[in-house]
Amino acid sequence: MASKRAIDVVEVGPRDGLQIESVFIPTEIKIGLINNIAAAGVKHIEATSFVSPRAVPQLADAAEVIAGIDRSTGVRIQTLVPNARGAERAVASGIDEVMLFVSASDSHNIRNMNRLTMETMAGFPDVVTIARAAGAGVHGAVATAFGCPFEGEVTFESLFRVVDHYVDLGVININLGDTTGMATPPIVSRTCEALKKRFPAIQITLHFHNTRGLGLANVMAGLESGITRYDASLGGMGGCPYAPGASGNICTEDLVHLLHEMNFSTGIDLDRLIAAAKGLETIMGRQLPGQVMKAGPRLTLHGSEAVGRAVG
C-alpha cells in the first residue's frame with residue numbers, strides 16, 4: 001500500500017462537526033476556522049449545508065460563511081443540499097460542489113428527511129439540473145451505507161438501488177456514509193468490492209464515524225480496496241442528530257498522520273492542521289476526541305529532564 005499514492009482528504013467538520021452544536025457559533029469564527037483548515041493545505045472542505053434553518057439552526061448562516069471564505073488557496077467548497085430550493089441557494093452563493101444525500105434504509109431516511117428513500121431521490125433530478133447549469137460538481141451521499149441503527153444490516157440490494165439512481169443521473173462520485181459507526185473492516189472491504197464490481201465507473205469516498213473505535217481501521221480496509229478519498233472532521237467532532245449513539249467523525253489530523261506514516265501523500269501540512277485543531281478546541285471550550293493534537297506526531301520528542309525517575 002505504501003506507494004506514495006495521493007489521497008484526497010475532505011474536511012467535513014464545519015458542517016458535520018458543528019451541525020449538532022446547540023450554542024450558535026458566530027459566522028466570523030466559522031469562516032476563520034475554514035480558512036485555517038484551507039491554509040494547512042486541505043483542498044476540499046464541506047463548509048456548511050443549505051438545509052432549512054429551522055432544522056439545523058447552527059447552519060442558518062450558510063451563505064454568509066461561503067461569502068467569507070478565502071478562495072486564494074485553491075480550496076474547493078462543497079455543501080450539502082436537500083432539495084431544489086437548497087440547491088438554488090447553494091449555487092447562488094458560489095459553491096464548487098453540491099452533495100445530495102439520502103439513506104440506504106427507509107427508517108433512517110424517514111427520521112432524517114421525513115420521507116422514504118426513493119421519495120427523497122425523486123427530487124434529485126431537479127437538483128442535478130440546477131447544479132450543472134451553474135457549473136457545480138455533483139456528489140451523491142448514501143447514509144447508513146454500512147448498517148442502520150433501526151434496521152440492522154443494510155443489504156447490497158438496498159445500497160445498489162440508491163447508487164443505481166445516482167448513476168442514472170450521471171452522478172458517479174459516490175460517498176458511502178457510516179452514519180453510526182457500524183462499519184467494520186470486513187464489511188468495508190466487501191461493500192467496496194461489490195460496488196466497484198457492479199459500478200466500475202464510480203469514484204468512492206468513504207465517510208467513517210469513530211463510534212466504536214474502528215474508524216482508522218476501516219480506513220485501512222478502504223486503502224486495501226483502492227479507495228483514495230476520505231471524509232474526516234477536525235478534532236474528531238461530529239455526529240448525526242437522527243442516529244442514536246452516533247459519535248464524531250474520524251479525526252482529520254489523526255487520519256493525515258496515519259496516511260503520512262504509511263507514505264501516502266495528502267498535500268497537507270500536519271503541524272498547521274494540528275494548530276487549527278487546537279484552535280477549534282479553544283473555540284469549543286472543551287477537549288475534543290482527536291489524539292494526535294494531544295500527543296503530537298510520532299517523532300515528537302520531549303526533554304527527559306521533564307520526566308521524573310522511577311523510584312525503588
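In table form, for the structure just shown:
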item: Those residues of the range 61-99 which are farther than 21 Å from Ala133 by Cα, surrounded by fewer than 17 Cβ atoms within 10 Å (Cβ to Cβ) and not charged (D, E, K, R), in sequence order; result: Gly68, Ser72, Thr73, Gly74
item: Arg111 vs. criteria basic (Lys, Arg), touching a strand residue (DSSP E or B) at 6+ places or on another chain (Cβ under 9 Å) and either crowded, with 22+ Cβ neighbours inside 10 Å or closer than 25 Å to Leu159 by Cβ (or both); result: yes
item: Count of the range 246-291 residues which are in contact (Cβ under 8 Å) with a residue 24 or more places away in the chain and over 17 Å from Val42 (Cα atoms); result: 13
item: Close pairs (9 angstrom Cβ cut-off, 6 or more residues apart or separate chains): surrounded by fewer than 19 Cβ atoms within 10 Å (Cβ to Cβ) in the range 8-37, part of a strand (DSSP E or B) and modelled with pLDDT of 95 or more anywhere; result: Asp8/His44; Asp8/Thr205; Asp8/Arg229; Asp8/Tyr230
item: Among the candidates Ala87, Ala122, Ala143, Ala134, residue that is on the phi < 0 side of the Ramachandran plot and touching a Ser or Thr at 6+ places or on another chain (Cβ under 6 Å); result: Ala143
item: Hey, Gly267 touching a strand residue (DSSP E or B) at 6+ places or on another chain (Cβ under 8 Å) and surrounded by 19 or more Cβ atoms within 10 Å (Cβ to Cβ) or not; result: no
item: Criterion violated by Thr180 - all others in (1) among the polar types (S, T, N, Q); (2) touching a strand residue (DSSP E or B) at 6+ places or on another chain (Cβ under 8 Å); (3) closer than 30 Å to Gly74 by Cα satisfied; result: (3)
item: Criterion violated by Ala104 - all others in (1) without any contact (Cβ under 8 Å) to a residue 60 or more places away in the chain; (2) within 30 Å of Ala38 (Cβ to Cβ); (3) buried (at least 22 other Cβ atoms within 10 Å of the Cβ); (4) small (Gly, Ala, Ser) satisfied; result: (2)
item: Qualifying helices (runs of 4 or more DSSP H) (wholly inside the range 180-262; at least 2 residues being among the charged types (D, E, K, R) and modelled with pLDDT of 95 or more); result: 185-198, 252-261
item: Positions within the range 118-152 being surrounded by fewer than 24 Cβ atoms within 10 Å (Cβ to Cβ) and polar (S, T, N, Q), in sequence order; result: Thr120, Thr129
item: Residue satisfying all of: in the range 188-210; surrounded by 21 or more Cβ atoms within 10 Å (Cβ to Cβ) and under 17 Å from the mean Cα position of the chain (by Cα); nearest to Arg161 (Cα to Cα) among these; result: Ile204
item: Every residue from the range 93-109 that is at pLDDT 95 or above and of a type in the set (D, E, K, R); result: Asp96, Glu97
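The values are calculated or read from the model by the stated rules, or taken from the named source; none is laboratory data. Here the structure is a predicted model, which is why all the values come from computation and not from measurement. With ideal geometry, Cβ positions are generated from the backbone for all residues, glycine too; neighbour counts draw on all protein chains shown.
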